[in-house]
Amino acid sequence: MANLEALAKAFTGLGVDEKSLIENLGKSHPEHRTLFRKKTPQLFIEDERSFERWNDHCVRLLKHEFVRFKNALVLWAMHPWERDARLVKEALKKGPQSYGVIVEIACTRSSEELLGARKAYHSLFDQSIEEDVATHIHGSERKLLVALVSAYRYEGPKVKEDAAKSEAKVLASAIKNGNKKNPIEDEEVIRILSTRSKAHLKVVYKHYKEVSGNNIHEDLDASDLILKETVECLCTSHAYFSKVLDEAMSSDAHKNTKKGLTRVIVTRADVDMKEIKEEYMNLFGVSLSKKIEEKASGNYRDFLVTLITRDN
């Protein structure tokens, strides 16, 4: 029975426990596999012709789990420019539920990193990111997303305090009057979020709370998700990444949401993983490495833990 439990566990979670599968399934006899099929109704269903067959839905899910390790390795080995370009392309193909990935790349990369991704996109797809975003996205978020991927922000420390205070009021007014005009389509909102430096926007973020009494993302509801993610990526990126990681490890997460675990760790391991781990602990009261060890399996788990503990 212990082997059966270990075998069932090897098939669950993020990734699969390859070592356990080899040890327990590879050495099993026919009667053991029959018992395994009968004891795991979450994986096998009793056919009307008296045999246990794979649940087709489980097979499809397992295909995703078996390739998580491979996908993580491939992404890690890629040049960061190519990686971001391919992530944007994939997000455009998947549609609105993945547009947050475009926001993430456009708003958390440096100006040079985003420019590099745009160059790589030219080489890989014979198009620009800007034209692809403008062509594929038809909703209210199109103008903002085109502006974000086209940005080349000032990255110095200087901030104009008066301008930041004024722009905080502009954002507060646009969000307050969102029932009259969607703030994501407001030209001034787009200008502020797509052209101002991150240092400037963090000061705007601070003054917004003084004006509104809330942080910007607290005044935005679910219908403003792209705008909310834009603000979070620009102003509180470590909290944003921590939330993406935690949502990816939720037991009922959508398959696209689960991809956030690989994406964030692989793209941030060389950048700001130390700060992300600290923020994750602050938000969720558990270390990121411990949570991954609980939720992921096998080589996939080991690889992710290796990436996030390199700075220890």
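The values are calculated or read from the model by the stated rules, or taken from the named source; none is laboratory data. Bear in mind the structure is a predicted one, so any value in this text is a computation, not a measurement. Cβ coordinates were reconstructed from backbone atoms using ideal geometry, including for glycine residues, and neighbour counts include every protein chain displayed.
Listed values, structure above:
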quantity	calculated
Single match in 119, 143 (criterion: surrounded by 13 or more Cβ atoms within 10 Å (Cβ to Cβ), closer than 21 Å to residue 233 by Cβ and of a type in the set (Lys, Arg))	143
Residues that are assigned to a helix (DSSP H, G or I) and over 16 Å from residue 185 (Cβ atoms), drawn from region 140-170	149, 161, 162, 163, 164, 165, 166, 167, 168, 169
Residues of region 35-90 satisfying the condition of being within 31 Å of the chain's Cα centre (by Cα) and small (Gly, Ala, Ser)	72, 77, 85
Matching residues in region 119-139 - criterion: being of a type in the set (S, T, N, Q) and either in a helix (DSSP H, G or I) or within 26 Å of residue 255 (Cβ to Cβ) (or both)	123, 135
Selection within region 164-213 - among the basic types (Lys, Arg) and surrounded by 21 or more Cβ atoms within 10 Å (Cβ to Cβ)	196
First in region 57-83 and farther than 30 Å from residue 44 by Cα, second anywhere and surrounded by 15 or more Cβ atoms within 10 Å (Cβ to Cβ) and among the basic types (Lys, Arg), Cβ under 6 Å, 6 or more apart	75/83
Among the candidates 257, 236, 309, residue that is in contact (Cβ under 8 Å) with a residue 24 or more places away in the chain and not small (Gly, Ala, Ser)	236
Matching residues in region 206-246 - criterion: being within 21 Å of residue 280 (Cα to Cα) and either among the hydroxyl-bearing types (Ser, Thr, Tyr) or touching a strand residue (DSSP E or B) at 6+ places or on another chain (Cβ under 6 Å) (or both)	230, 236, 237, 240, 242
Elements of type helices (runs of 4 or more DSSP H) contained in region 15-118, each with 3 or more residues being modelled with pLDDT of 95 or more and of a type in the set (D, E, K, R)	80-94
